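**Student:** Input: one structure, supplied below.
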């Protein structure tokens, strides 16, 4: 009887520990993204760089899933963002925004990251985009 009880409890403990670790990882990502202001260090679309299009823009991410694009100190647009730790992606969307912010509307697959940078790519309508955000 005790053995059956232990066999029933062990999976629950393992599942709970896994969920706690996943929640801590998600909290860490939110902390990294929401502390500080980000800018586009590089943005390559296919074989061309379009980084100069983002000159003067900075981005402030908030824990509630909003992101504000700021150009030369003034709010240019408000959008949304969501991180997915399991898929290693960040989804961003600036609805009704024109060029260049509409180029950020995608699911970005993270290929490298640290506390002050994120490198990601997206395949959008046949275009292969590479992005590096920096604090």
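Quick note: the coordinates plus some simple rules give every number you see, no bench work behind them. Because the structure is predicted, anything quoted here is derived from the model rather than measured.
**Student:** Can you tell me the convex hull volume per residue for the range 34-135, based on C-alpha atoms, in Å³ to the nearest whole number?
**Tutor:** 97 Å³
**Student:** A further question on this structure: Grab the Cα-Cα distance for residue 72 and residue 50, subtract it from 0.36 nm times how many residues apart they are, and report the gain in nm with one decimal.
**Tutor:** Length difference between fully extended and current span is 6.1 nm.
**Student:** From the convex hull of the Cα coordinates of the range 76-127, what is the mean projected area in square nanometres?
**Tutor:** Average projection, Cα convex hull of the range 76-127: 4.3 nm².
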